[in-house]
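Okay, so here's the structure we're looking at.
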Ligand SMILES: Cc1cc2nc3c(=O)[nH]c(=O)nc-3n(C[C@H](O)[C@H](O)[C@H](O)COP(=O)(O)OP(=O)(O)OC[C@H]3O[C@@H](n4cnc5c(N)ncnc54)[C@H](O)[C@@H]3O)c2cc1C
């Protein structure tokens with residue numbers, strides 16, 4: 001007979017944990033979810049301020065080509081038709097992103113795709129780049145010198161805290177460059193924002209499941225381990241092992257959020273400041289995720305903006321983006337070996353696996369892992 005109170009303890013009420021918990025619950029398992037934060041949702045948490053759903057841990061746009069994931073999230077929220085079309089502000093000049101015919105027209109006055117391609121080729125040849133050796137050369141070979149200088153250089157250097165000549169080329173290998181008038185940032189079949197915010201969507205995912213917030217699993221690990229057969233751990237993998245092999249590094253972001261007594265600050269969700277001098281990388285105006293209206297369709301009189309500053313991560317800061325270099329990769333692999341020999345614990349999500357997951361990928365992984373767990377008894 002099973003003496004433990006829960007079949008499954010899920011550590012972390014982010015998208016990975018909430019998906020896993022939902023699937024276990026629907027398979028008839030007894031599930032407890034704990035999160036050390038005072039709220040559910042993990043990094044997709046949205047908080048209502050002046051009637052606006054504020055993306056507290058950074059702008060989140062749901063996009064996927066995976067029909068299974070799309071059907072899954074649509075069980076818990078209605079998605080609007082939001083399309084991400086950021087604007088670049090270079091010293092007061094505005095450009096359309098991602099790079100597309102509108103960008104090329106504004107930059108050079110070109111009208112046809114052929115003219116745009118010719119211009120880029122011309123600038124690439126003038127720069128004499130054969131095989132790009134760093135990010136600067138890679139960028140120039142993709143979009144030419146003008147776009148690199150005005151729209152990539154300053155932004156990227158602020159983001160990474162290093163000159164582009166010292167950054168590896170692969171970081172922007174997949175820069176979206178379009179010779180069409182399409183400024184939809186994501187090439188996804190399905191995209192949108194959950195109406196009413198992500199927090200409500202995650203609350204629906206967790207409906208009927210016991211959740212304890214403000215509860216750090218690692219502080220009372222022994223007691224929690226004693227009450228569940230399986231632990232699904234979505235916190236940082238190095239923290240789980242008491243950082244015994246060292247700290248995994250992250251890039252961090254600092255947000256400065258302000259309520260403004262005006263209805264419209266910048267007319268778009270995202271404006272990137274691509275010059276080197278402006279200290280923030282971009283400004284998010286949260287109301288435009290939901291078209292500036294409340295759920296009854298009324299215009300919202302105020303607005304909320306967040307300035308984003310890229311910053312070096314220090315132990316104790318909020319971890320955002322894993323650093324994809326060999327030093328951190330090797331360290332993660334050592335932690336992974338420890339994780340693989342930890343009985344009854346599944347490590348998942350962006351922190352548990354130390355990798356960048358888009359939301360749909362985190363959900364997909366959790367659906368796959370939970371299905372395996374249900375089928376094999378974990
Ligand atoms: C700035 C930024 C913008 C992004 N924008 C997009 C986007 O536009 N589109 C997109 O698809 N994806 C985006 N993402 C990715 C998205 O945030 C992730 O896919 C998603 O958050 C992964 O969910 P998760 O459950 O793995 O992690 P998290 O959301 O981080 O959840 C982990 C949870 O575990 C909890 N936890 C950790 N340790 C403990 C502990 N010891 N005890 C208890 N609880 C603990 C944490 O408090 C947290 O709530 C973005 C990411 C960042 C950083």
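Is it true that residue 315 is modelled with pLDDT under 90 and touching a strand residue (DSSP E or B) at 6+ places or on another chain (Cβ under 9 Å)? Criteria not met by residue 315.
In the condition set (1) within 8 Å of the ligand (Cβ to nearest atom); (2) under 28 Å from residue 295 (Cα atoms); (3) buried (at least 21 other Cβ atoms within 10 Å of the Cβ), residue 11 is compliant with all but (2).
Name the one entry in 272, 268 that is outside any loop (DSSP other than H, G, I, E, B) and surrounded by 16 or more Cβ atoms within 10 Å (Cβ to Cβ). Show your work before the answer.
Values: 268 fails: outside any loop (DSSP other than H, G, I, E, B).
After ruling out the rest, the residue left standing is 272.
Give the residue that is farthest from the ligand (Cβ to nearest atom), with candidates limited to residues of region 315-341 that are in a loop (DSSP other than H, G, I, E, B) and free of Cβ contacts under 8 Å to residues at least 40 places away in the same chain. Among those residues, the one meeting the criterion is 341.
So in region 228-242, with the set limited to residues that are out of contact with any helix residue (DSSP H, G or I) (no Cβ under 8 Å at 6 or more places or on another chain) and surrounded by 14 or more Cβ atoms within 10 Å (Cβ to Cβ), which one is nearest to residue 284 (Cα to Cα)? Talk me through it step by step, then tell me what you get.
Within region 228-242, the first condition is being out of contact with any helix residue (DSSP H, G or I) (no Cβ under 8 Å at 6 or more places or on another chain), and the residues that meet it are 228-229, 242.
When the remaining residues are screened for being surrounded by 14 or more Cβ atoms within 10 Å (Cβ to Cβ), the result is 228-229.
On the way: 228: 41, 229: 43 Å.
Here the answer is 228.
Among the residues of region 130-162, the ones that are touching a residue at least 12 places away in the same chain (Cβ under 8 Å), farther than 22 Å from residue 118 by Cα and in a loop (DSSP other than H, G, I, E, B) come to 3 in all. Residues in region 304-319 that are more than 18 Å from residue 242 (Cβ to Cβ) and buried (at least 18 other Cβ atoms within 10 Å of the Cβ): 304, 305, 306, 308, 310, 313. When residue 251 is tested against (1) touching a residue at least 24 places away in the same chain (Cβ under 8 Å); (2) assigned to a loop (DSSP other than H, G, I, E, B), exactly one condition is not met: (2).
Would you check if there is a residue in region 166-177 being at pLDDT 95 or above, in a strand (DSSP E or B) and surrounded by fewer than 21 Cβ atoms within 10 Å (Cβ to Cβ)? The answer is no, given that none of the residues of region 166-177 is at pLDDT 95 or above, in a strand (DSSP E or B) and surrounded by fewer than 21 Cβ atoms within 10 Å (Cβ to Cβ). For region 254-267, the criterion of being under 16 Å from residue 97 (Cβ atoms) and in contact (Cβ under 8 Å) with a residue 24 or more places away in the chain is met by at least one residue.
Would you mention how many residues in region 82-125 are part of a helix (DSSP H, G or I) and surrounded by fewer than 19 Cβ atoms within 10 Å (Cβ to Cβ)?
12
For region 146-159, filtering for residues that are touching a helix residue (DSSP H, G or I) at 6+ places or on another chain (Cβ under 8 Å) and surrounded by fewer than 18 Cβ atoms within 10 Å (Cβ to Cβ) leaves 1.
Could you tell me which residue of region 357-378 is surrounded by the most Cβ atoms within 10 Å (Cβ to Cβ), considering only residues that are within 10 Å of the ligand (Cβ to nearest atom) and assigned to a helix (DSSP H, G or I)? It would help to see each step written out before you state the result.
Initial filter on region 357-378 (within 10 Å of the ligand (Cβ to nearest atom)): 357-363, 365-366.
Filter once more, keeping what is assigned to a helix (DSSP H, G or I): 359-363, 365-366.
Working: 359: 21, 360: 22, 361: 17, 362: 27, 363: 26, 365: 21, 366: 29.
Within region 357-378, the match that is surrounded by the most Cβ atoms within 10 Å (Cβ to Cβ) is 366.
Return yes or no: is residue 329 outside the structural domain of residue 196 (by TED's automatic domain parsing), out of contact with any helix residue (DSSP H, G or I) (no Cβ under 6 Å at 6 or more places or on another chain), farther than 22 Å from residue 10 by Cβ and surrounded by fewer than 19 Cβ atoms within 10 Å (Cβ to Cβ)? Taking the combined requirement at face value, the residue does not satisfy it.
Within 16 Å of the ligand (Cβ to nearest atom), under 30 Å from residue 271 (Cβ atoms) and touching a strand residue (DSSP E or B) at 6+ places or on another chain (Cβ under 8 Å), is that true of residue 99? Reasoning before the result, please.
On the way: within 16 Å of the ligand (Cβ to nearest atom): no; under 30 Å from residue 271 (Cβ atoms): yes; touching a strand residue (DSSP E or B) at 6+ places or on another chain (Cβ under 8 Å): yes.
Against the criterion (within 16 Å of the ligand (Cβ to nearest atom), under 30 Å from residue 271 (Cβ atoms) and touching a strand residue (DSSP E or B) at 6+ places or on another chain (Cβ under 8 Å)), residue 99 does not qualify.
The values are calculated or read from the model by the stated rules, or taken from the named source; none is laboratory data. Everything quoted here is computed from the prediction, not taken from an experiment. Ideal geometry is used to build each Cβ from the backbone, glycine not excepted, and the neighbour counts take in all protein chains shown.
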